[in-house]
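Student: Sharing a structure, written as structure tokens. Questions coming.
All of the numbers you see were taken from the coordinates with simple rules; none came from a lab. Everything numeric here is computed off the predicted structure, so don't read it as measured data. As a convention, Cβ positions derive from the backbone with ideal geometry for all residues, glycine included, and neighbour counts pool all protein chains shown.
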């Protein structure tokens, strides 16, 4: 009798263990739970520590620095513009010295980008200035292209050397007033540096608000750059003090806060050939314009 009771208890315990495992509803719940858990533990992390970088204080000429760029393979020299004068600056990282060359009249110049053959400068009204990069020490052949973009204020320009396409991003454009997005425009680049319209893109504010609900119509991009090895876009918003990272198609992957003490007015961004990240900032309430270099981890 005793043995019989033991056998019965063992049989019931075995059945209890087997039947739930065979129940498809229980299995589905288990799988869903694991799936959610895995997703939650895979946030997108950028390979830079934004709280710690190599700080470069700039001479007075670049107090209002508004854009930075590199010539391919020449990482020592940072080319820059500022938003008051039509001057192309060259800042050498080793010597900390600045030289400059005039390319235009005084104006509100907001960004700079460099293709394999030309240097491009974006004015806040959307006009594009271009000249051969071979003339960087003595600029003569400047071409101004007007009416390429809808009316608005623009601060972001980037040329993708691999595709030879130019991307211009609105800071504040009329076309976005009735829709929750920030618009951008794509151009092919001719041999003479001329832009030709190719298409459009947009950053959806709903995607940004998933990372920070406070971002509404305040998202006003001040610069963008493409990280060539990952195909990701790094986009600054000086107003929000954030660095937004998107995939190749401008879908938001992360939103990273910027310390206002380090970045009083961040308006320039780019990568060197080793994918080190550079962010420049106007002086704001400080006495110097700044560039921070963040080495790729």
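Student: Just to be sure I understand the curve: with the Debye formula and one point per C-alpha of region 151-297, what is log10 I(q)/I(0) at q = 0.10, 0.12 Å⁻¹?
Tutor: Here log10 of I(q) over I(0) equals -0.34, -0.49.
Student: Continuing with this model, one more query. Apply 1/(1 + (r/R0)^6) to the Cβ-Cβ distance of residue 210 and residue 230, taking R0 = 22 Å, and write down the FRET efficiency to the nearest 0.05.
Tutor: Computed FRET efficiency for residue 210 and residue 230: 0.60.
Student: From the alpha carbon gyration tensor of region 102-200, can you work out the equivalent ellipsoid semi-axes (sqrt of 5 times each eigenvalue) and give them in Å, largest to smallest?
Tutor: Working through the eigenvalues yields semi-axes of 24, 15, 10 Å.
Student: Something else now. Between residue 94 and residue 200, what is the FRET efficiency for a Förster distance of 45 Å, r being their Cβ-Cβ separation, to the nearest 0.05? Intermediate results must be reported in sequence, preceding the final value.
Tutor: Values: r = 41 Å, r/R0 = 0.91.
That pair, residue 94 with residue 200, gives E of 0.65.
Student: Related question: So if each residue of separation counts as 0.36 nm, and I subtract the Cα-Cα distance between residue 276 and residue 186, what length gain in nm does that give?
Tutor: 29.9 nm
Student: What is the P(r) of region 54-294, as percent of Cα-Cα pairs per 5 Å bin from 0?
Tutor: Bin by bin from 0 Å, the calculated values are 1, 7, 15, 20, 21, 18, 11, 5, 1, 0.
Student: Can you give the extra length, in nm with one decimal, that the chain gains between residue 254 and residue 116 once fully stretched, where that is 0.36 nm per residue apart less the Cα-Cα distance?
Tutor: Once the chain is fully extended between residue 254 and residue 116, it gains 46.7 nm.
Student: Also, I was wondering about something else. Applying 1/(1 + (r/R0)^6) with R0 = 30 Å to the Cβ-Cβ distance of residue 162 and residue 63, what FRET efficiency is obtained, to the nearest 0.05?
Tutor: Taking R0 as 30 Å, the efficiency between residue 162 and residue 63 is 0.35.
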